[in-house]
């Protein structure tokens with residue numbers, strides 16, 4: 001009689017099933033949890049590696065930015081601070097200052113100078129012996145040269161002797177009039193019409209001087225102070241004038257002729273004839289009678 005051994009009952013708690021039983025294969029198209037976790041971990045590791053590499057490659061070295069800036073100075077419209085300071089243009093000098101209120105265009109009251117360093121000569125008018133035109137030029141040493149941006153306005157005229165006056169016309173239009181003229185680096189000459197209003201001795205050496213106001217961009221600057229101090233040490237401070245050549249002969253001749261004519265008509269032969277004629281006529285008549 002054959003003996004049949006009993007097989008053990010399967011253990012439901014054993015995940016692997018009965019001993020010696022093969023592991024069941026998953027159905028096609030299904031993925032086990034362990035494989036999904038492994039793939040997810042691999043993807044995360046790869047992503048971290050990629051992000052780390054990108055972060056390190058996007059940050060340039062510290063010296064790269066400095067080197068690039070130094071290699072292109074002033075090129076391509078650079079707006080760095082060095083370019084701005086290097087090509088900073090100076091202030092434009094005004095050509096027509098506002099002197100209507102006696103002050104500079106920047107509101108400064110001006111620095112008074114009694115005598116300006118000028119020189120020149122005069123030319124007599126062709127038709128008026130009392131009129132002449134004084135040609136005035138700014139003549140100064142190196143320290144007395146007008147700095148850029150500075151103006152010197154003429155505010156007064158002094159005559160020696162005081163037998164002249166300044167008039168508004170009589171010099172033409174070749175140069176500007178000295179009346180309210182402003183000397184600048186580009187305007188160092190002017191003309192002044194002068195008329196004699198009193199007696200000038202024939203041996204005199206008449207002249208004129210000018211006073212004015214100095215207008216600096218900054219009155220307290222060393223350049224302005226040095227310029228004003230130099231004006232007080234200049235030597236040539238006047239323009240020579242001519243002695244008016246007024247003819248005196250015609251006036252004296254007219255007076256003498258009138259006096260002589262009156263005297264001659266009173267004591268001349270005509271007077272004797274008028275006195276003698278009646279006497280002679282009377283005597284002749286008596287004799288004839």
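Quick notes on this structure:
- Fewest-first ordering of 127, 158, 150 by other beta carbons within 10 Å of each residue's beta carbon gives 127, 158, 150.
- Eigen-decomposition of the gyration tensor built on the alpha-carbon atoms of segment 111-240 gives equivalent ellipsoid semi-axes of 28, 15, 11 angstrom, largest listed first.
- Reducing segment 222-244 and segment 119-138 to their Cα centroids gives an inter-centroid distance of 20 Å.
Every number in this text was worked out from the coordinates using simple rules, so none of it is lab data. In this text the structure is predicted, and so the values were computed from the model without any measurement. For neighbour counting, all protein chains shown are included, and Cβ atoms are generated from backbone atoms with ideal geometry for every residue, glycine included.
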